[in-house]
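Just so it is clear, none of the values below were taken in a lab; they were calculated from the coordinates. Everything numeric here is computed off the predicted structure, so don't read it as measured data. Cβ atoms come from the backbone with ideal geometry, glycine included; neighbour counts cover every protein chain shown.
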Amino acid sequence: MTEATEIAKLIQENTHSIQRKAAIAWGKGTDHSGHVKITPISNFDLEKTIFSTLEGALPRMVIKAKIAKNVEWDNERAQEIEYAYKSICDSDNVPPVNPKIIAFMVNECDFSMEHADGTFLEHLLFCYDYSALYFSDHSPNVALLHSIFGTATNTFAMEAHKIPALFALLTEFEQVHVEAFPSVLRLITHLSLLEELTDNSHRLETLKSIEYHRVIDNKKCMMSAEDLWIQLNYQLMHFVDFLPAANWANHASDPVLQSFVRISDFLDFTGKRMAKVDFVIPTPKGPL
């Protein structure tokens, strides 16, 4: 079986890890403390992941410690999740991926790299399913293709000259949000966007649009204020797939968890939350 055939088969089967199934079934990020055993993965190769471009010995050591983990589930919680996941899958609310988009991803892109949990393609399929269920007023294709213009670690599944061919498969709405996603993600990670919006929360109704540079080729782009609020909801759902499986109270310094909480708080504070993304940050029961 060729790699392209394997990718197409994976898209059609659309399998998920237990943690992803829980998020999809329940519409939230969950701290599974008490139900999982987490152990380090021996001989983990960072070069095979999307973090291969990360520079510096300390950052590489930190990210390796974060993602090189096995998660073992107790049978009762795993069965509970599987049952809930099957129930929501039986509701038939997730549309199949457009076969033309599948063909483009298989034939024109490189999604062979590993992600923090499984393959990169599995991450994209999780985002697609979650978006289809809990942000159903807007296209799940944005979630599926959110990293095609560049990942957070500056890897690119697609070459810039293929943008017209991709856009031919998408609606104008999808084009706006797919090309904006990596740029907005960087603005969130570096705090500048949410800080500026929060400082001006009393006059957000006067915001008409924002300008940004597209990651893949530095092209100057613009999106409306309404599209910005929609984009932030896509971003919030995306962060669900990076949340720790357990022990959230002990991960307060995790940048991903912090960004997730910041976006969630901002959307609630401004009344801009549209997607269903529930979560509760547990508090420590005793000294760490």
Given LYS100/LYS162; LYS86/LYS272; LYS21/LYS272; LYS21/LYS100, which pairs have Cα atoms separated by over 23 Å?
LYS86/LYS272; LYS21/LYS272; LYS21/LYS100
Segment ASN98-LYS208, extension gain: residue separation times 0.36 nm, minus the distance between their alpha carbons:
36.4 nm
Once both label points are put 7 Å beyond Cα along the C-beta direction, the GLU172-SER224 separation in nm becomes 0.9
When you count, for each residue, the other Cβ atoms within 10 Å and take the mean per peptide, how do 232-245, 159-172 rank with the highest first?
232-245, 159-172
For region 122-254, what class follows from the C-alpha gyration tensor (a ≥ b ≥ c being the square roots of its eigenvalues): rounded when a/c is under 1.5, otherwise prolate if a/b is larger than b/c, else oblate?
rounded
Taking a ≥ b ≥ c as the square roots of the Cα gyration tensor eigenvalues, with a/c under 1.5 meaning rounded and otherwise prolate when a/b beats b/c, else oblate, which class fits region 106-187?
rounded
List the residues, sorted by chain then number, that are 5 or more residues from ASP278 or on another chain and whose placed amide H is less than 5 Å from its amide H.
LYS28, GLY29
Estimated distance in nm for a label pair at SER33 and VAL261, the labels positioned 7 Å out from Cα along Cα-to-Cβ:
1.3
Report, in debye and to the nearest 20, how large the dipole of region 206-288 comes out about its Cα centre when Lys and Arg carry +1 and Asp and Glu carry -1 on their Cβ.
100
Using 1/(1 + (r/R0)^6) with R0 = 41 angstrom and r between the beta carbons of GLU108 and ALA78, what's the FRET efficiency to the nearest 0.05?
0.65
How would you classify region 181-220 from its alpha-carbon gyration tensor, with a ≥ b ≥ c the square roots of the eigenvalues: rounded for a/c under 1.5, else prolate if a/b is greater than b/c, otherwise oblate?
oblate
A chain fully extended from THR153 to ASP90 at 0.36 nm per residue, minus the present Cα-Cα distance, gains in nm 19.1 nm
